[in-house]
Amino acid sequence: MMLNHSTDPIDPAKLTPCALTEVLSQAATDPAAFGALCAEADQIRARVFGDTVHIRGIIEFSNHCRNDCLYCGIRCSNSAITRYRMSADEILETALTAKRLGCGTVVLQSGEDPFFTAPVLSAIICRIKNETGLAVTLSVGVRTRGELAELKAAGCDRYLLRFETSSETLFNAIHPDCAFAERIACLQDLRELGYQVGSGFMIGLPDAPLEQIARDIAFTTQLNLQMIGCGPFLAHPGTPLAGKPTLEHRSVYYAAMALLRILNPHAHIPSTTAFDALDPDGRDRVMQCGANIFMPNITPAKYRRLYQLYPGKPSVDEGGDASFRRTCERLTALGRTVSTEAGHAF
Ligand code: SAH
C-alpha cells in the first residue's frame, strides 16, 4: 500500500499487517510520508481528546524481581544492582505528593516482587484511595485471577501488562519464567474482572523485523484495549541482550505510535519514558504523533537510579516536584493543557 502524501486519511480497515509493514517501511525512508502519518495521528488525537493531557504519576516502588526476562535491567540475575522496596508509608507519602502536584492517577510499578502479596498491595491501595481519591493503576506483572479479583475489590482501577511481542516464539525465548499464553490469559482475566486494561509491546526487539512490528500493531488493535503503552526496546548492558542495536531508522518508532493512534482512536496512549532515552525530545515527539497521556516519574529521587529497566533513563537525579513541573512546561510548550482529572477510559 502506498501511503498518500495528500490530506486523504488512511482507511484503517485496509491496514492489514502486510499494509502496515509497507507504511512502516515507507515512513522509515520517506520524510514526507512519515510527516503525513504523524500529522494524521495528531489530528485524530485532537479530534477525540482535544488538547487536554491526563497525567499519571509513576511510583517505582520495588526493584526486586523473581523473573529473569532477557531484556530487563532489574532481572533477578543482575547482581550488579542494589535492591530496594519502598515501605507502605513511603508509597502513601508519594501518592499524597502526586495529589498535591495535580496528578489524577498514580501508577504503582515494580518488578515481580513476592513480598508485595495481594493482601499487602490491597492495604496500600485502600490507603491511597481513602486518603487521596486518586485513580490507581497497577503494573506489577502476572498475577492469578484470585489475586487480581482481590486487588480490584480493594479499589484498583486499572492494570498495565504489556504482551511485549505478539510472536509466541520470541516471547517464550525472552521470558524464561512466563509463557505467552499465560500473559494473554492474565489480560483476559483483567478484562473480565472489570479493570481498565492497558497493554502493548516493545518496539524494535532483536529478531523482530518490520513485519513483526506490523503484526504487533495489528495484535494490539485486536485486543481492543482501553490503554496502549509501547516504547522502544533499549539494550541494557547488564542483560543477555546487551549491545543489541536500536532500529536503523528512528522514524519507525514514531510511525508505530502514529499507526496505533490511527487504528485505536479512543485508546488512552501515553508517551512513555523510554522515548526520552531514545531521543532527548522523544516524549514530545510521541505527544505530537498520537499520544494523549503523559506519565512523569514521581518516585523519590533516592530510588530512581536503582530502577533502570533500560539504559539512559532520564531525570534520575530529580524529585517528583521537579519532574512534574518540567512535565507541565513541556506540555505547555506543545500547546497542550494539563488536566488534574483521573482521565478514565471511555
Ligand atoms: N514487572 C512488571 C512491570 C515493570 S516492567 C511487568 O513485567 O509487567 C515495565 C515494562 O518495561 C515492561 O513491560 C517492558 O516492556 C519495559 N522494559 C523492560 N526492559 C526494557 C528494555 N530493556 N527496553 C525497553 N523497555 C523495557
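The values are calculated or read from the model by the stated rules, or taken from the named source; none is laboratory data. What you see is a predicted model; the values in this text were computed from it and never measured. Reconstructed Cβ throughout: ideal geometry from the backbone, glycine too, with neighbour counts over all protein chains shown. Keep in mind that these areas ignore ligands, DNA and RNA; they rest on the heavy atoms of the full protein, side chains included. Shrake-Rupley method; radii C 1.70, N 1.55, O 1.52, S 1.80 Å.
A few comments on the model shown:
- Filter result for the condition that a residue is under 30 Å from Cys178 (Cβ atoms) and out of contact with any Lys or Arg (no Cβ under 8 Å at 6 or more places or on another chain), over Arg75, Arg47: Arg75
- Every pair of residues 6+ apart whose Cβ atoms lie under 6 Å, when the first sits in the range 145-171 and is among the acidic types (Asp, Glu) while the second is open to solvent by less than 10 Å² (accessible area, probe 1.4 Å): Glu147/Ala118; Glu150/Ala118; Asp157/Ala135; Asp157/Val136; Glu164/Phe201
- Pairing residues of the range 323-334 that are more than 16 Å from Asp51 (Cβ to Cβ) with residues that are part of a helix (DSSP H, G or I), at Cβ distances under 8 Å and at least 6 apart in sequence or on separate chains, gives Phe324/Leu101.
- Where Ala80 falls short, out of the listed (1) within 14 Å of the ligand (Cβ to nearest atom); (2) touching a residue at least 60 places away in the same chain (Cβ under 8 Å); (3) open to solvent by 30 Å² or more (accessible area, probe 1.4 Å): (1)
- Residues in the range 173-198 that are of a type outside the set (D, E, K, R) and exposed (fewer than 15 other Cβ atoms within 10 Å of the Cβ) were compared, and the one that is nearest to Ala149 (Cα to Cα) is Gly194.
- Search result, residues across the range 110-154 that are among the small types (Gly, Ala, Ser) and open to solvent by 20 Å² or more (accessible area, probe 1.4 Å): Ala123, Gly133, Gly146, Ala149, Ala153
- Considering residues of the range 13-65 that are in a helix (DSSP H, G or I) and of a type in the set (Lys, Arg) only, the residue most open to solvent (accessible area, probe 1.4 Å): Arg47
- Only listed residue being part of a loop (DSSP other than H, G, I, E, B) and within 16 Å of the ligand (Cβ to nearest atom), chosen from Pro206, Pro265: Pro206
- Boolean, Gln222 is within 16 Å of the ligand (Cβ to nearest atom), modelled with pLDDT of 95 or more and either of a type in the set (Phe, Trp, Tyr) or out of contact with any strand residue (DSSP E or B) (no Cβ under 8 Å at 6 or more places or on another chain) (or both): no
- Filter pass, Asp113 being on the phi < 0 side of the Ramachandran plot and outside any helix (DSSP H, G or I): yes
- Restricting Leu3, Leu96, Leu70 to those that are away from the ligand (no atom under 15 Å from the Cβ) and modelled with pLDDT of 95 or more reduces the list to Leu96.
- Residue match in the range 241-259 (condition: within 16 Å of Ile55 (Cα to Cα) and either buried (at least 21 other Cβ atoms within 10 Å of the Cβ) or of a type in the set (A, V, I, L, M) (or both)): no
- In the range 148-181, residue nearest to the ligand (Cβ to nearest atom) [restricted to those that are polar (S, T, N, Q) and touching a helix residue (DSSP H, G or I) at 6+ places or on another chain (Cβ under 7 Å)]: Thr165
- Check on Arg215, basic (Lys, Arg), open to solvent by 10 Å² or more (accessible area, probe 1.4 Å), away from the ligand (no atom under 15 Å from the Cβ) and touching a residue at least 12 places away in the same chain (Cβ under 8 Å): yes
- Only listed residue being of a type outside the set (Phe, Trp, Tyr), at pLDDT 95 or above and at positive phi, chosen from Gly204, Gly198: Gly204
- Selected residue [within 16 Å of the ligand (Cβ to nearest atom) and either within 30 Å of Arg330 (Cα to Cα) or not aromatic (Phe, Trp, Tyr) (or both)] from Phe116, Phe61, Phe49: Phe61
- Any hit, the range 269-285, residues being of a type in the set (Asp, Glu), within 13 Å of the ligand (Cβ to nearest atom) and open to solvent by 10 Å² or more (accessible area, probe 1.4 Å): yes
- From the list Leu187, Leu151, Leu170, the lone residue that is part of a helix (DSSP H, G or I), aliphatic (A, V, I, L, M) and touching a Lys or Arg at 6+ places or on another chain (Cβ under 9 Å) is Leu151.
- Scope the range 119-147; condition closer than 19 Å to Gly229 by Cβ and either within 13 Å of the ligand (Cβ to nearest atom) or among the polar types (S, T, N, Q) (or both); matching residues: Thr137, Leu138, Ser139, Val140, Gly141, Val142, Arg143
- For the condition within 30 Å of Ala173 (Cβ to Cβ) and touching a residue at least 24 places away in the same chain (Cβ under 8 Å), Ser139 qualifies.
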